[in-house]
Amino acid sequence: MTGETNLDELIRSLSAELVEGLFVFVTIPTGRRTENLKPRMVFEEAQGTTLIMLKSEAESHSLSYEFPCRMITLNIHSSLEAVGFIARIASELAKYDMGVNPVSGFFHDHLFVPDGREHQAMDILQKLASSDTIPEGHVRL
């Protein structure tokens, strides 16, 4: 089950959904048990395990956290081999001085944007999807 790889088609078909909840990034020591936690993402790094989880859950487990953010799911099945999709989105958000932490799942990409800027991010994504312009240096396939 492969996803879309064509950048033009990915941008043109872009639709986004704001996911309910306020998320945070947490790090715990490698090997620490997480069975009582329900993170949206777990990633093992050399320095520890990164979790993306609801802020309320982090607080209820007395976990330190950073970057309160909102999650936006991109509702197009992009290929894990797609070139430039997330870069294009991140570049567009950067024009508005907005950082983004993207995470790719098997079926969808998810954007974690600063809390309070989620509606602006949704507007930017909608404008990007309705734009017929291709950035300088890119070729329409």
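Can you give the net charge of the other residues whose Cβ lies under 13 Å from the Cβ of residue 17, counting K and R as +1 and D and E as -1?
-2
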Review point. Among residues other than residue 48 whose Cβ falls under 15 Å from its Cβ, what is the net charge (Lys/Arg +1, Asp/Glu -1)?
Key: -1
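Using Stokes-Einstein with the Kirkwood hydrodynamic radius over Cα pairs, what translational diffusion coefficient do you get for segment 7-130 at 37 °C and a viscosity of 0.692 mPa s, in µm²/s rounded to a whole number?
So the translational diffusion coefficient is about 215 µm²/s.
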Check your understanding: From the backbone phi of segment 57-70, what are the Karplus-calculated ³J(HN,Hα) couplings (6.51 cos²θ - 1.76 cosθ + 1.60, θ = phi - 60°) in whole Hz, Gly and Pro given as x?
Key -> 5, 4, 5, 5, 9, 6, 9, 5, 8, 9, 6, x, 8, 10
Point to revise | Amide hydrogen neighbours beyond the local backbone of residue 109, cut-off 5 Å, H modeled | key: 74, 76, 78
Practice item. Hey, can you grab everything whose amide H is under 5 Å from the amide H of residue 41? Only 5+ residues off in sequence or another chain; H modelled, so Pro and N-termini drop out. Key: 52
Revision key, fill the gap. Env charge @ residue 73, Cβ radius under 14 Å, K,R +1 / D,E -1, value -2
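No value in this document is a laboratory result; all are computed from the given coordinates. Small disclaimer: the values here were computed from a predicted structure and weren't measured. So basically every Cβ, Gly included, is an ideal-geometry build from the backbone, and we count neighbours across all protein chains shown.
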